[in-house]
Amino acid sequence: MSKKDLLKKQKKQLAKKFKSRCYVCRKPFGKYFVFHHIYYVDGEPFYKDFKDSTDYQLAVLPFVKKNKRQFLLLCKAHHHLVEWRRSIKDMAMWRRFCKAGKMK
Ligand SMILES: [Zn+2]
């Protein structure tokens, strides 16, 4: 079994701990779903220490297994949105953003 297949299999298995769906939109587990970190703990692997994302994701899986409260299962779109949300630094920025979205 290739590394990618192994990762796919293990992610699918672990996704069951999260009802196999995206935390935000409830879309059923599928391609490009990620275990998004809510917080990090000591001893976790760093993304920068890995040559590719498959190796990194495989290294993180034991942490998902050990403590699912550390993670959220998100689809690709909502993972991006959650990461992007961090670029909004305060309420003033958030209000301007919401206003911008409603301008006609
Ligand atoms: Zn989603």
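With within 21 Å of His78 (Cβ to Cβ) and in a helix (DSSP H, G or I) as the only criterion, which of Lys4, Lys16 stands out? Please lay out each step first, then the result.
Details: Lys4 fails: within 21 Å of His78 (Cβ to Cβ).
On inspection, the qualifying residue turns out to be Lys16.
Take the residues in the range 41-75 that are assigned to a helix (DSSP H, G or I) and of a type in the set (Asp, Glu); name whichever of them is modelled with the lowest pLDDT. It would help to see each step written out before you state the result.
Going through the range 41-75, the residues assigned to a helix (DSSP H, G or I) turn out to be 47-49, 53-66, 68-70.
Of the ones still in play, those that are also of a type in the set (Asp, Glu) are 49, 55.
Working: Asp49: 91, Asp55: 95.
Going through the qualifying residues, I end up with Asp49.
Answer yes or no: is there a residue in the range 82-95 that is surrounded by 12 or more Cβ atoms within 10 Å (Cβ to Cβ), without any contact (Cβ under 8 Å) to a residue 60 or more places away in the chain and more than 13 Å from the chain's Cα centre (by Cα).
yes
Within the range 1-47, can you find the residues that are β-branched (Val, Ile, Thr) and free of Cβ contacts under 8 Å to residues at least 40 places away in the same chain?
First pass over the range 1-47, keeping only residues β-branched (Val, Ile, Thr): 24, 34, 38, 41.
Once the filter is applied, which keeps residues that are β-branched (Val, Ile, Thr) and free of Cβ contacts under 8 Å to residues at least 40 places away in the same chain, the range 1-47 yields Ile38, Val41.
When you scan the range 21-61, how many residues do you find that are within 15 Å of the chain's Cα centre (by Cα) and within 18 Å of Asp5 (Cα to Cα)?
15
Condition first: among the hydrophobic types (A, V, I, L, M, F, W, C), over 22 Å from Asp42 (Cα atoms) and within 16 Å of the ligand (Cβ to nearest atom). Now tell me which residues in the range 67-104 satisfy that. It would help to see each step written out before you state the result.
Our first condition is that a residue be among the hydrophobic types (A, V, I, L, M, F, W, C); within the range 67-104, this holds for 71-75, 77, 81-82, 84, 88, 91-94, 97-98, 100, 103.
Subsequent filtering for residues that are over 22 Å from Asp42 (Cα atoms) retains 74-75, 77, 81-82, 84, 88, 91-94, 97-98, 100, 103.
Within the range 67-104, Leu74, Cys75, Ala77, Leu81, Val82, Trp84 qualify.
Out of all the residues in the range 75-84, is one or more touching a Lys or Arg at 6+ places or on another chain (Cβ under 9 Å) and farther than 19 Å from Lys4 by Cα?
Applying the first criterion (touching a Lys or Arg at 6+ places or on another chain (Cβ under 9 Å)) to the range 75-84 yields 75-78.
Narrowing further to those that are farther than 19 Å from Lys4 by Cα: 77-78.
Scanning the range 75-84 turns up at least one residue that is touching a Lys or Arg at 6+ places or on another chain (Cβ under 9 Å) and farther than 19 Å from Lys4 by Cα.
What residue, of Val64, Val60, Val34, Val41, is among the aliphatic types (A, V, I, L, M), more than 10 Å from the ligand (Cβ to nearest atom), at negative phi and loosely packed, with under 12 Cβ neighbours inside 10 Å? Can you show your working first?
Numbers: Val64 fails: loosely packed, with under 12 Cβ neighbours inside 10 Å; Val60 fails: loosely packed, with under 12 Cβ neighbours inside 10 Å; Val34 fails: loosely packed, with under 12 Cβ neighbours inside 10 Å.
Criteria check complete, one pass: Val41.
The values are calculated or read from the model by the stated rules, or taken from the named source; none is laboratory data. Computed from a predicted model, the values in this text were never measured in an experiment. Ideal geometry is used to build each Cβ from the backbone, glycine not excepted, and the neighbour counts take in all protein chains shown.
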